[in-house]
1. On the given criteria, is residue 37 at pLDDT below 95, crowded, with 16+ Cβ neighbours inside 10 Å and either in a helix (DSSP H, G or I) or within 16 Å of the ligand (Cβ to nearest atom) (or both)?
2. Restricted to segment 94-131, and to residues that are touching a residue at least 40 places away in the same chain (Cβ under 8 Å) and over 30 Å from residue 285 (Cα atoms), which residue is farthest from the ligand (Cβ to nearest atom)?
3. Suppose we keep only residues that are free of Cβ contacts under 8 Å to residues at least 60 places away in the same chain and farther than 16 Å from residue 220 by Cα within segment 168-188. Which one would you say is farthest from the ligand (Cβ to nearest atom)?
4. Here's a check for you: in segment 141-167, which residue that is assigned to a helix (DSSP H, G or I) and away from the ligand (no atom under 16 Å from the Cβ) is farthest from residue 221 (Cα to Cα)?
5. Working only within segment 82-105, note down all residues that are assigned to a loop (DSSP other than H, G, I, E, B), surrounded by 18 or more Cβ atoms within 10 Å (Cβ to Cβ) and modelled with pLDDT of 95 or more.
6. Going through segment 162-184 one residue at a time, which ones are touching a strand residue (DSSP E or B) at 6+ places or on another chain (Cβ under 8 Å) and farther than 17 Å from residue 241 by Cα?
7. Restricting to segment 236-268, and then to whatever is without any contact (Cβ under 8 Å) to a residue 24 or more places away in the chain and not in a loop (DSSP other than H, G, I, E, B), can you tell me which residue is surrounded by the most Cβ atoms within 10 Å (Cβ to Cβ)?
Ligand code: MLT
(Lines give C-alpha, C1' and ligand atoms only; values in the text may rest on other atoms or scores of the structure.)
Protein backbone atom coordinates (compact mmCIF):
# COMPACT_ATOMS: atom_id res chain seq x y z
CA UNK A 1 0.00 0.00 0.00
CA UNK A 2 1.62 3.19 -1.19
CA UNK A 3 2.43 6.25 0.93
CA UNK A 4 -0.02 8.47 -1.01
CA UNK A 5 -2.88 6.33 0.39
CA UNK A 6 -1.59 6.78 3.94
CA UNK A 7 -1.26 10.57 3.45
CA UNK A 8 -4.82 10.88 2.13
CA UNK A 9 -6.09 8.25 4.60
CA UNK A 10 -4.74 10.25 7.55
CA UNK A 11 -6.27 13.45 6.14
CA UNK A 12 -9.66 11.73 5.72
CA UNK A 13 -9.47 10.37 9.27
CA UNK A 14 -8.65 13.83 10.62
CA UNK A 15 -11.59 15.24 8.66
CA UNK A 16 -13.84 12.52 10.05
CA UNK A 17 -12.52 13.28 13.54
CA UNK A 18 -13.23 17.00 12.97
CA UNK A 19 -16.77 16.49 11.72
CA UNK A 20 -18.45 13.19 12.69
CA UNK A 21 -17.02 13.16 16.24
CA UNK A 22 -17.13 16.91 16.92
CA UNK A 23 -20.54 16.61 18.55
CA UNK A 24 -22.41 19.80 19.41
CA UNK A 25 -21.55 21.27 22.88
CA UNK A 26 -22.22 19.96 25.43
CA UNK A 27 -21.79 16.29 24.61
CA UNK A 28 -20.92 15.24 28.18
CA UNK A 29 -21.26 16.50 31.77
CA UNK A 30 -19.77 19.92 32.62
CA UNK A 31 -17.85 20.74 35.81
CA UNK A 32 -18.23 24.00 37.74
CA UNK A 33 -15.41 24.62 40.23
CA UNK A 34 -16.70 26.18 43.49
CA UNK A 35 -13.61 27.36 45.43
CA UNK A 36 -15.24 26.99 48.86
CA UNK A 37 -16.47 24.16 51.08
CA UNK A 38 -19.90 22.71 50.34
CA UNK A 39 -22.86 24.17 52.23
CA UNK A 40 -21.80 27.83 52.02
CA UNK A 41 -23.51 30.66 50.09
CA UNK A 42 -21.37 30.31 46.94
CA UNK A 43 -21.99 26.56 46.87
CA UNK A 44 -25.74 26.95 47.49
CA UNK A 45 -26.24 29.66 44.83
CA UNK A 46 -24.09 27.80 42.27
CA UNK A 47 -25.96 24.51 42.79
CA UNK A 48 -29.40 26.15 42.39
CA UNK A 49 -28.38 27.87 39.12
CA UNK A 50 -26.44 24.81 37.85
CA UNK A 51 -29.53 22.67 38.29
CA UNK A 52 -31.59 24.96 36.03
CA UNK A 53 -28.87 25.58 33.41
CA UNK A 54 -28.11 21.86 33.13
CA UNK A 55 -31.73 21.20 32.17
CA UNK A 56 -31.47 23.83 29.42
CA UNK A 57 -28.23 22.47 27.94
CA UNK A 58 -29.19 18.81 28.39
CA UNK A 59 -26.11 17.72 30.33
CA UNK A 60 -25.46 17.46 34.10
CA UNK A 61 -23.37 20.22 35.73
CA UNK A 62 -21.18 18.73 38.43
CA UNK A 63 -20.02 20.94 41.30
CA UNK A 64 -16.35 20.42 42.26
CA UNK A 65 -15.65 22.03 45.67
CA UNK A 66 -11.94 22.91 45.50
CA UNK A 67 -11.57 25.06 48.62
CA UNK A 68 -8.74 27.04 50.20
CA UNK A 69 -6.85 30.34 50.30
CA UNK A 70 -9.99 32.48 50.02
CA UNK A 71 -10.96 30.86 46.71
CA UNK A 72 -7.66 31.39 44.91
CA UNK A 73 -6.84 27.65 44.84
CA UNK A 74 -10.02 26.81 42.91
CA UNK A 75 -9.54 29.78 40.59
CA UNK A 76 -5.97 28.70 39.78
CA UNK A 77 -7.22 25.17 39.06
CA UNK A 78 -9.84 26.53 36.65
CA UNK A 79 -7.27 28.76 34.90
CA UNK A 80 -5.19 25.65 34.11
CA UNK A 81 -8.16 23.49 33.02
CA UNK A 82 -8.60 22.43 29.35
CA UNK A 83 -10.24 25.25 27.33
CA UNK A 84 -12.93 22.95 25.93
CA UNK A 85 -16.03 24.29 27.72
CA UNK A 86 -16.31 21.33 30.08
CA UNK A 87 -14.67 23.03 33.08
CA UNK A 88 -15.81 26.45 34.32
CA UNK A 89 -15.24 28.54 37.45
CA UNK A 90 -17.84 29.98 39.79
CA UNK A 91 -16.03 33.26 40.26
CA UNK A 92 -16.69 36.05 42.73
CA UNK A 93 -15.67 39.50 43.94
CA UNK A 94 -12.92 38.16 46.20
CA UNK A 95 -10.67 35.92 44.10
CA UNK A 96 -11.71 37.49 40.73
CA UNK A 97 -11.69 41.11 41.87
CA UNK A 98 -9.76 41.80 45.04
CA UNK A 99 -7.12 39.02 44.95
CA UNK A 100 -4.67 40.80 42.57
CA UNK A 101 -4.55 43.69 45.08
CA UNK A 102 -4.13 41.46 48.10
CA UNK A 103 -1.85 38.63 46.98
CA UNK A 104 1.69 39.42 45.85
CA UNK A 105 2.12 36.02 44.19
CA UNK A 106 -1.22 35.14 42.46
CA UNK A 107 -0.83 32.25 39.97
CA UNK A 108 -3.64 33.43 37.69
CA UNK A 109 -4.91 36.67 36.16
CA UNK A 110 -8.71 37.17 36.57
CA UNK A 111 -8.85 39.25 33.38
CA UNK A 112 -6.36 37.62 31.00
CA UNK A 113 -6.61 33.93 31.94
CA UNK A 114 -10.39 33.67 31.68
CA UNK A 115 -13.31 34.15 29.29
CA UNK A 116 -16.35 35.58 31.17
CA UNK A 117 -19.53 33.56 30.40
CA UNK A 118 -22.36 35.11 32.48
CA UNK A 119 -23.06 36.88 35.77
CA UNK A 120 -25.19 35.72 38.72
CA UNK A 121 -27.39 38.08 40.77
CA UNK A 122 -25.64 39.78 43.73
CA UNK A 123 -25.90 38.78 47.38
CA UNK A 124 -25.71 41.24 50.30
CA UNK A 125 -24.20 40.18 53.63
CA UNK A 126 -25.42 40.15 57.23
CA UNK A 127 -23.23 40.70 60.30
CA UNK A 128 -24.28 38.03 62.78
CA UNK A 129 -23.00 37.24 66.29
CA UNK A 130 -23.35 34.18 68.51
CA UNK A 131 -26.62 34.11 70.50
CA UNK A 132 -24.98 34.74 73.87
CA UNK A 133 -22.80 37.64 72.71
CA UNK A 134 -23.31 40.60 75.11
CA UNK A 135 -23.72 43.15 72.27
CA UNK A 136 -27.45 43.89 71.83
CA UNK A 137 -26.89 46.05 68.71
CA UNK A 138 -24.22 47.15 66.21
CA UNK A 139 -23.18 50.22 68.23
CA UNK A 140 -22.60 48.04 71.31
CA UNK A 141 -20.58 45.60 69.22
CA UNK A 142 -18.27 48.36 67.98
CA UNK A 143 -17.84 49.70 71.55
CA UNK A 144 -17.06 46.14 72.70
CA UNK A 145 -14.56 45.71 69.86
CA UNK A 146 -12.82 49.01 70.62
CA UNK A 147 -12.65 48.19 74.33
CA UNK A 148 -11.31 44.66 73.68
CA UNK A 149 -8.73 44.86 70.86
CA UNK A 150 -8.13 41.52 69.13
CA UNK A 151 -10.48 39.83 71.62
CA UNK A 152 -13.33 39.72 69.12
CA UNK A 153 -13.03 36.63 66.90
CA UNK A 154 -14.64 37.00 63.47
CA UNK A 155 -14.78 33.83 61.35
CA UNK A 156 -14.60 33.96 57.55
CA UNK A 157 -14.07 31.89 54.42
CA UNK A 158 -10.36 32.59 54.11
CA UNK A 159 -8.04 35.42 53.13
CA UNK A 160 -9.59 37.46 50.32
CA UNK A 161 -13.07 35.89 50.56
CA UNK A 162 -15.94 38.37 50.82
CA UNK A 163 -16.69 37.37 54.41
CA UNK A 164 -13.02 38.25 55.08
CA UNK A 165 -12.84 41.43 52.98
CA UNK A 166 -16.03 42.92 54.43
CA UNK A 167 -14.97 42.03 57.99
CA UNK A 168 -11.53 43.64 57.41
CA UNK A 169 -13.09 46.78 55.89
CA UNK A 170 -15.72 46.98 58.67
CA UNK A 171 -13.14 46.67 61.45
CA UNK A 172 -10.77 49.06 59.69
CA UNK A 173 -13.48 51.68 59.09
CA UNK A 174 -14.94 51.34 62.62
CA UNK A 175 -11.50 51.68 64.19
CA UNK A 176 -11.48 48.22 65.78
CA UNK A 177 -8.74 45.56 65.95
CA UNK A 178 -10.46 42.18 65.58
CA UNK A 179 -9.06 38.66 65.17
CA UNK A 180 -10.03 37.26 61.77
CA UNK A 181 -10.31 33.45 61.87
CA UNK A 182 -10.11 31.76 58.42
CA UNK A 183 -12.07 28.61 57.43
CA UNK A 184 -12.41 26.71 54.10
CA UNK A 185 -15.77 28.35 53.50
CA UNK A 186 -18.57 30.38 55.03
CA UNK A 187 -20.42 27.14 55.73
CA UNK A 188 -17.95 25.83 58.35
CA UNK A 189 -17.32 29.42 59.55
CA UNK A 190 -21.03 29.84 60.36
CA UNK A 191 -21.21 26.51 62.21
CA UNK A 192 -18.67 27.86 64.73
CA UNK A 193 -20.66 31.08 65.20
CA UNK A 194 -23.77 28.98 65.96
CA UNK A 195 -21.65 26.82 68.29
CA UNK A 196 -20.21 29.88 70.06
CA UNK A 197 -16.57 29.02 69.26
CA UNK A 198 -16.19 32.43 67.60
CA UNK A 199 -18.05 35.74 68.17
CA UNK A 200 -19.47 36.45 64.74
CA UNK A 201 -19.12 36.73 60.98
CA UNK A 202 -20.39 38.39 57.79
CA UNK A 203 -22.30 35.87 55.71
CA UNK A 204 -24.38 36.17 52.54
CA UNK A 205 -28.14 36.29 53.02
CA UNK A 206 -28.95 33.05 51.17
CA UNK A 207 -27.30 30.97 53.91
CA UNK A 208 -27.59 33.46 56.79
CA UNK A 209 -31.37 34.03 56.76
CA UNK A 210 -32.41 30.47 57.72
CA UNK A 211 -30.07 30.53 60.78
CA UNK A 212 -31.31 33.97 61.82
CA UNK A 213 -34.97 32.98 61.37
CA UNK A 214 -34.37 29.91 63.57
CA UNK A 215 -32.83 32.14 66.26
CA UNK A 216 -29.49 30.32 66.13
CA UNK A 217 -27.57 33.61 65.70
CA UNK A 218 -28.25 37.34 66.25
CA UNK A 219 -28.29 39.62 63.19
CA UNK A 220 -26.86 43.08 64.03
CA UNK A 221 -26.50 44.79 60.63
CA UNK A 222 -26.73 44.32 56.87
CA UNK A 223 -24.31 45.57 54.19
CA UNK A 224 -26.99 46.56 51.67
CA UNK A 225 -27.75 50.21 50.88
CA UNK A 226 -31.25 49.93 52.36
CA UNK A 227 -32.79 47.55 54.89
CA UNK A 228 -33.83 44.13 53.60
CA UNK A 229 -37.57 43.24 53.61
CA UNK A 230 -36.60 39.88 55.13
CA UNK A 231 -34.87 41.65 58.09
CA UNK A 232 -36.94 44.81 58.65
CA UNK A 233 -35.64 45.39 62.19
CA UNK A 234 -31.97 44.96 61.27
CA UNK A 235 -30.29 48.28 60.40
CA UNK A 236 -27.78 48.84 57.64
CA UNK A 237 -24.15 49.60 58.52
CA UNK A 238 -24.59 52.84 56.57
CA UNK A 239 -27.47 54.10 58.75
CA UNK A 240 -25.60 53.23 61.98
CA UNK A 241 -21.80 53.03 62.37
CA UNK A 242 -20.44 53.39 58.79
CA UNK A 243 -22.20 56.14 56.73
CA UNK A 244 -21.90 55.39 52.98
CA UNK A 245 -20.76 51.79 53.54
CA UNK A 246 -22.39 49.37 51.10
CA UNK A 247 -21.27 45.93 49.91
CA UNK A 248 -22.64 42.81 48.28
CA UNK A 249 -20.96 39.83 46.67
CA UNK A 250 -20.97 39.68 42.88
CA UNK A 251 -20.55 36.36 41.13
CA UNK A 252 -20.02 35.06 37.60
CA UNK A 253 -19.18 31.99 35.57
CA UNK A 254 -15.80 32.04 33.82
CA UNK A 255 -14.18 29.60 31.38
CA UNK A 256 -10.46 29.13 30.74
CA UNK A 257 -9.18 31.57 28.08
CA UNK A 258 -9.46 30.03 24.59
CA UNK A 259 -12.68 28.12 25.27
CA UNK A 260 -14.67 27.91 21.97
CA UNK A 261 -17.08 30.84 21.56
CA UNK A 262 -19.85 28.38 20.66
CA UNK A 263 -19.61 26.85 24.14
CA UNK A 264 -19.65 30.27 25.82
CA UNK A 265 -22.66 31.36 23.74
CA UNK A 266 -24.57 28.13 24.47
CA UNK A 267 -24.10 28.49 28.23
CA UNK A 268 -24.97 32.20 28.24
CA UNK A 269 -28.12 31.60 26.18
CA UNK A 270 -29.23 28.83 28.54
CA UNK A 271 -28.65 31.04 31.60
CA UNK A 272 -30.48 34.04 30.16
CA UNK A 273 -33.44 31.73 29.51
CA UNK A 274 -33.31 30.44 33.10
CA UNK A 275 -33.34 34.00 34.44
CA UNK A 276 -36.71 34.60 32.72
CA UNK A 277 -38.22 31.89 34.97
CA UNK A 278 -40.13 34.07 37.49
CA UNK A 279 -40.74 31.26 40.00
CA UNK A 280 -36.96 30.69 40.11
CA UNK A 281 -36.00 34.34 40.42
CA UNK A 282 -38.75 34.92 43.04
CA UNK A 283 -37.27 32.08 45.10
CA UNK A 284 -33.85 33.76 44.97
CA UNK A 285 -35.40 37.13 45.86
CA UNK A 286 -36.90 35.55 48.98
CA UNK A 287 -33.28 34.92 50.06
CA UNK A 288 -32.60 38.67 49.55
CA UNK A 289 -30.55 37.88 46.43
CA UNK A 290 -30.55 41.04 44.32
CA UNK A 291 -31.73 40.60 40.72
CA UNK A 292 -29.94 42.71 38.10
CA UNK A 293 -31.02 44.30 34.80
CA UNK A 294 -30.93 41.62 32.06
CA UNK A 295 -28.04 43.26 30.17
CA UNK A 296 -25.86 42.93 33.29
CA UNK A 297 -26.10 39.12 33.20
CA UNK A 298 -24.08 38.73 29.98
CA UNK A 299 -20.48 37.57 29.62
CA UNK A 300 -19.55 40.93 28.11
CA UNK A 301 -20.94 42.74 31.18
CA UNK A 302 -19.10 40.36 33.52
CA UNK A 303 -15.87 41.01 31.60
CA UNK A 304 -16.24 44.77 32.08
CA UNK A 305 -17.09 44.31 35.76
CA UNK A 306 -13.99 42.15 36.35
CA UNK A 307 -11.69 44.80 34.84
CA UNK A 308 -13.27 47.62 36.89
CA UNK A 309 -13.33 45.59 40.11
CA UNK A 310 -9.65 44.64 39.85
CA UNK A 311 -8.92 48.35 39.59
CA UNK A 312 -11.36 49.32 42.40
CA UNK A 313 -9.88 46.86 44.90
CA UNK A 314 -6.36 48.06 44.15
CA UNK A 315 -7.57 51.53 45.20
CA UNK A 316 -9.38 50.17 48.30
CA UNK A 317 -6.29 48.20 49.38
CA UNK A 318 -4.05 51.24 48.85
CA UNK A 319 -6.43 53.56 50.77
CA UNK A 320 -7.14 51.19 53.66
CA UNK A 321 -3.78 49.29 53.52
CA UNK A 322 -5.74 46.09 54.18
CA UNK A 323 -2.92 44.05 52.65
CA UNK A 324 -3.52 40.43 53.54
CA UNK A 325 -0.27 38.58 52.96
C1 MLT B 1 -17.10 34.18 50.85
O2 MLT B 1 -17.14 34.54 52.00
O3 MLT B 1 -16.39 34.69 50.00
C4 MLT B 1 -17.94 33.11 50.38
O5 MLT B 1 -19.13 33.37 50.64
C6 MLT B 1 -17.57 31.89 51.02
C7 MLT B 1 -18.44 30.74 50.74
O8 MLT B 1 -19.29 30.83 49.89
O9 MLT B 1 -18.26 29.74 51.41
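1. Numbers: at pLDDT below 95: no; crowded, with 16+ Cβ neighbours inside 10 Å: yes; either in a helix (DSSP H, G or I) or within 16 Å of the ligand (Cβ to nearest atom) (or both): yes.
In short, no.
2. Step one: filter segment 94-131 for residues touching a residue at least 40 places away in the same chain (Cβ under 8 Å), giving 94-104, 110-131.
Of the ones still in play, those that are also over 30 Å from residue 285 (Cα atoms) are 100-104, 112-113.
Working: 100: 16, 101: 15, 102: 13, 103: 15, 104: 20, 112: 22, 113: 20 Å.
This residue is 112.
3. Filtering segment 168-188 for residues free of Cβ contacts under 8 Å to residues at least 60 places away in the same chain gives 171, 175-181.
Okay, now just the ones that are also farther than 16 Å from residue 220 by Cα, so 175-181.
Numbers: 175: 23, 176: 19, 177: 21, 178: 16, 179: 17, 180: 12, 181: 13 Å.
If we take residues in segment 168-188 being free of Cβ contacts under 8 Å to residues at least 60 places away in the same chain and farther than 16 Å from residue 220 by Cα, then 175 is farthest from the ligand (Cβ to nearest atom).
4. Start the filter on segment 141-167 by keeping residues that are assigned to a helix (DSSP H, G or I), which leaves 141-147, 162-167.
Right, trim to away from the ligand (no atom under 16 Å from the Cβ) and you get 141-147.
Details: 141: 10, 142: 12, 143: 15, 144: 15, 145: 15, 146: 17, 147: 20 Å.
Per the criteria, the residue is 147.
5. We begin by selecting, within segment 82-105, every residue assigned to a loop (DSSP other than H, G, I, E, B); these are 82-86, 103-105.
Now drop any that are not surrounded by 18 or more Cβ atoms within 10 Å (Cβ to Cβ), which leaves 85-86, 103.
If the condition is that a residue be assigned to a loop (DSSP other than H, G, I, E, B), surrounded by 18 or more Cβ atoms within 10 Å (Cβ to Cβ) and modelled with pLDDT of 95 or more, then 85, 86 are the ones that fit.
6. We begin by selecting, within segment 162-184, every residue touching a strand residue (DSSP E or B) at 6+ places or on another chain (Cβ under 8 Å); these are 162-164, 166-168, 170-171, 178-183.
Result: 162, 163, 164, 179, 180, 181, 182, 183.
7. Taking segment 236-268 and keeping what is without any contact (Cβ under 8 Å) to a residue 24 or more places away in the chain, we get 236, 238-239, 243-244, 246, 261, 265.
Keeping just the survivors that are not in a loop (DSSP other than H, G, I, E, B) gives 236, 261, 265.
Working: 236: 22, 261: 10, 265: 13.
Once the filter is applied, the top-ranked residue is 236.
The values are calculated or read from the model by the stated rules, or taken from the named source; none is laboratory data. Owing to the predicted nature of the structure, the values given are computational and were not obtained by experimental measurement. Methodologically, a virtual Cβ is constructed for each residue, glycine included, from the backbone with ideal geometry; neighbour enumeration extends over all protein chains shown.
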